[in-house]
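The values are calculated or read from the model by the stated rules, or taken from the named source; none is laboratory data. Note that the structure is predicted; figures quoted are calculated from it, not measured. Cβ atoms come from the backbone with ideal geometry, glycine included; neighbour counts cover every protein chain shown.
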Amino acid sequence: MDKIKLKVGDHLYEPLSRNNGEVREIISHPDGKLVRVRWRVDDFPPHDTEHFHKKLLKSIRNGEIQYRSVENP
């Protein structure tokens, strides 16, 4: 897989829970970048979560989360 560059607006999918997510914000933090994701699940209100950038990229590389760039659908 090519090097992934997360950007605001990119789409994420978590197959285990069937959550669809969108990167809402990328924040600089003293411990590293934080990525705020808004998850949507059918029949439930959306919820936001924050993840460390490195940990989210690791989950994408391991196949736990599927990634689709907003520039390359």
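Selection of the range 50-73 for residues being closer than 17 Å to GLY9 by Cβ, in a loop (DSSP other than H, G, I, E, B) and in contact (Cβ under 8 Å) with a residue 24 or more places away in the chain yields ILE65, SER69, VAL70, GLU71.
Just so you know, in the range 41-73 the residues that are surrounded by 13 or more Cβ atoms within 10 Å (Cβ to Cβ) and in contact with an Asp or Glu (Cβ under 6 Å, 6 or more places away or on another chain) include one that is modelled with the lowest pLDDT, and it is SER69. Within the range 4-30, the set of residues being assigned to a loop (DSSP other than H, G, I, E, B) and farther than 14 Å from LEU56 by Cβ comprises GLY9, PRO15, LEU16, SER17, ARG18, SER28, PRO30. State whether one or more residues within the range 35-49 are outside any loop (DSSP other than H, G, I, E, B), touching a Lys or Arg at 6+ places or on another chain (Cβ under 6 Å) and more than 13 Å from ASP10 (Cβ to Cβ). Looking for residues that are outside any loop (DSSP other than H, G, I, E, B), touching a Lys or Arg at 6+ places or on another chain (Cβ under 6 Å) and more than 13 Å from ASP10 (Cβ to Cβ), one finds at least one in the range 35-49, hence yes. Summed over the range 7-40, residues that are hydrophobic (A, V, I, L, M, F, W, C), surrounded by 10 or more Cβ atoms within 10 Å (Cβ to Cβ), closer than 15 Å to ILE65 by Cα and out of contact with any His (no Cβ under 7 Å at 6 or more places or on another chain) total 2.
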